[in-house]
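Read through the structure below, which is laid out as structure tokens, and then see the notes.
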Amino acid sequence: MAGQAGLAPARRVALGVTSERRRRDARARDLLRAYAAMGALDERDRALASRLVLGSVAAEGELDRVIDSRLRRGAKLEPRVRDALRLAVFEVLYLDTPNSVAASQGVELVRTVAPRAAGLANAVLRRVAGEDVARLAASREALARGRFSVYDMAHVGGLPIWLCEAALGALGREGAASYAEDALAPALPTVAANRCRHSEAEAVGLLREAGCDPASGVLPGSILLGRMARLAPSGLVDAVDVLPCDYAAQEVALLARPRPGSRVLEVGQGRGTKTVLLESVACAAGGLCEVTAVEVDAAKSAAAARRMEKAGLAEHVRCVADDGRTLDALGDDLFDLVFVDAPCTGTGTLSRHPEIAWSLADSSVAGLSRLQLEMLTAASAHARRGGRLVYSTCSILAEENERLVEAFLSSPSGARYELVGTHRTAIPGADRHFCATFRRR
């Protein structure tokens, strides 16, 4: 096998990021953006390092299961060795790298942190390449045929069993299979044009000048980038000419249909991405709407207000720091559209948030569901008669979606509403969001 000098720089950097993430308990994407050594890699190596880091984090529990099944009973691994083996096993199982290359590079990766463990790594990776690759192929074939178990889903998507069971219950067999197949895929490199400032064609032109290789996406105002790495240096995001966001978030804003000149209440503003998307939808229909946007975190609310200024929307968006469970700052104010972007498990956004699958506890869902119902109930008091109430999550779980809708409609507040319809986004390769639309009687 090649010596340490033959270790590809992308894998060396990926190990540095992964180990730092473990030590700091930080988010992988945040570290990738800030890690100095990433800047020294060329575009292709940066892409590989990012893929290795994000994939190994997303499939962490499944990778550990595979690794531990190849160790002697009771064997313990140093944390740095496990970091390296996770990266190597992920590459052997889930990337297109030839097995011999991925295994050889994995051994060298382990050698950099623990030379005496290189033999162990060689034994583990050869068994993974010889046996687990075949098992994964069989699980993929089972999903393709529609005759699969939750264990097949777990192997293919690197997912916890409980989440596979929940996906089956919420999405059905076809939807659950698609969910597992997409779980470890890279996030689609999509942005949305700020259509309050630019037409889609104008935004595409700006992105082309920045070298982002843009193409029109599948939704109005959406743009797919061929070279996402060129986006940050372009300044277009800082200026809010475009917004990095998934197709699913854009689809939900389109479904909310804010009308020009209407009064809109947004509960759960966050950084203000959906605020700009809602205004963009209204603007494309003929003119801006008047938004009151509520966010419980005062610092986030202030940051969102600054973003609205950059977006050219400050005169039409009022940012309010308030608790979405009470909305005391609104008094008796009523709106044409009330949009609740509820905090949730994020189980529909695994490609963008790889930590979710293995850090989320099944028991935490009930607490979130209570919070969501409190927010929806409080928001429902602020829709005028005949007005619309839209509830949205980026979760696949029925407890946060259909069952939450049923609980609301069964409540005294929900009795004032009729359900217009529910929708789960399903654009191939995109996140999975849910929204329900109600009308005030």
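The values are calculated or read from the model by the stated rules, or taken from the named source; none is laboratory data. This is a predicted model, so every value here is computed, not measured. Positions of Cβ are backbone-derived with ideal geometry, glycine not excepted, and every protein chain shown enters the neighbour counts. Keep in mind that these areas ignore ligands, DNA and RNA; they rest on the heavy atoms of the full protein, side chains included. Shrake-Rupley method; radii C 1.70, N 1.55, O 1.52, S 1.80 Å.
Modelled spin-label separation between residue 402 and residue 215, with each label point placed 7 Å from Cα along the Cα-to-Cβ direction: 3.5 nm.
Principal-axis analysis of the Cα atoms of the chain puts helix 133-145 at an angle of about 40° to the longest axis. Rounded to the nearest 10 degrees, the angle from helix 364-380 to the longest Cα principal axis of the chain is 20 degrees. FRET efficiency for the residue 306 to residue 359 pair, using the beta carbon distance and R₀ = 35 Å, is estimated at 0.70.
Rounded, prolate or oblate: which one fits segment 340-380, using the alpha carbon gyration tensor with axes a ≥ b ≥ c (rounded when a/c is under 1.5, else prolate when a/b beats b/c, else oblate)?
Working: a/c = 4.91, a/b = 1.77, b/c = 2.77.
In terms of gyration-tensor shape, oblate.
Looking at the chain, the accessible area is 43 square angstrom per residue; that uses a 1.4 Å probe and ignores ligands, DNA and RNA. Taking 0.36 nm per residue of separation and subtracting the Cα-Cα distance, full extension of the segment from residue 36 to residue 99 would add 19.7 nm. Please give, to one decimal in nm, the separation of the simple spin-label points placed at residue 318 and residue 409, each 7 Å out from Cα toward the Cβ. It works out to 3.3 nm between the two label points.
Just checking the listed ones, 152, 336, 42: in the Gaussian network model of the chain with Cα springs under 10 Å, the one fluctuating most is 42. For a modelled paramagnetic label at residue 229, 7 Å from Cα along Cα-to-Cβ, the residues of segment 36-56 in reach, with backbone nitrogen under 14 Å, are 37-52.
In debye, nearest 20: dipole of segment 7-83 around its Cα centre with unit charges on the Cβ of K, R (+) and D, E (-)?
On the way: 19 positive and 12 negative charges, 48 e Å.
Dipole size: approximately 220 debye.
By accessible area, using a 1.4 Å probe on protein heavy atoms only, the chain has 51% of its surface on carbon and sulfur. Here residue 72 and residue 441 are evaluated by their C-beta separation; at R0 = 51 Å the FRET efficiency comes out at 0.15.
Roughly what angle does helix 273-284 make with the longest principal axis of the chain, taking Cα atoms, 0 to 90 degrees, to the nearest 10? So the helix axis and the longest Cα principal axis differ by about 50 degrees. Under the simplified labelling scheme, the residue 328-residue 174 pair shows an inter-label distance of 5.0 nm, with each label point 7 Å from Cα along Cα→Cβ. Each Cα pair under 8 Å and six or more residues apart adds its separation to the average, and for the chain the resulting relative contact order is 12 percent.
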